[in-house]
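Throughout, read-outs are computed from the coordinates displayed, never taken from laboratory work. Note that the structure is a prediction, hence the values are computed from the model and not measured. Glycine also receives a Cβ, built like all others from the backbone with ideal geometry; neighbour counts cover every protein chain displayed.
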Amino acid sequence: MVEVFKGTTTVGVLCDGGVVLASESRATMGSFIASSTAKKIYQVDDLVGLTTAGVVGDAQSLVRMVQVEARLYKMQRGESMTVRAITSMLSNILSSRRYYPFMVQLIMGGVDRYGPKIYSLDALGGQIEERKIVSTGSGSPVAYGVLEAMYKPGLSVEEGTVLAARAIHNAMKRDSASGDRIELVRITDIYEEVGEPEFQEIMKHL
């Protein structure tokens, strides 16, 4: 059997006026740490992001498909697809491959004319709209403990950013397949990756 890169914790938090996506950056091959700089959050449209957990090659292939389809739709229609439409398209791709599935767990999050939305997808195309929080990957049981305990309705995007970072930070302590650097993305009326100075300030609160 050929070893593949896998092992992840990713988080999505639905906030008042936006969405926060978070992940760590470790990829493993069994007990071997194959990479400490693996990218797991991708921008698939102007205000839509996708987190990936599972086999890296499968995830990257899906990201490329979705990015191209979203770009083509915008060229043809003159407007962006809704978050739900992009998620449904990805769900159909996953479902069509159920006998040779993509080995992934995904979180789609973004903002459109209907407001902030988060969806989770499984390897067979199951699509669920999440109302508060969601986590995927090997460290998700630990992340959920933090998210369930500390999430509150009406959470601001800034509070959601700290909460998502805390959930990933705690998962990294207990899951050997999760580690190295935390990546944070905020989506409101812009798609924004949290920079190093702000990240260091956030870490002071954890």
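Our helix-only sum for the chain, with -39,500 (n - 2.57) per DSSP H run of n ≥ 4 divided by its residues, gives a mean residue ellipticity at 222 nm of -11500 deg cm²/dmol. Gyration tensor analysis over the Cα atoms of the range 87-179 returns equivalent ellipsoid semi-axes of 25, 19, 9 Å (largest first, whole Å).
By the Stokes-Einstein formula, at 1.306 mPa s and 10 °C, the chain with its Kirkwood radius over alpha-carbon pairs has D equal to 94 µm²/s. When +1 charges are put on Lys and Arg Cβ atoms and -1 charges on Asp and Glu Cβ atoms, the dipole computed for the chain relative to its Cα centre reaches about 500 debye. Loop-located trypsin sites (Lys or Arg not before Pro) across the range 176-206 with a Cβ neighbour count of 12 or fewer within 10 Å are LYS204, with loop assigned by DSSP. Sparsely packed loop sites in the range 104-199 (the GluC sites (Glu not before Pro) outside DSSP H, G, I, E and B with at most 12 other Cβ atoms within 10 Å) do not occur. Reachable lysines from LYS40, Cα under 23 Å, same-chain residues fewer than 8 places away excluded? Partners within reach: LYS6, LYS117, LYS132, LYS173.
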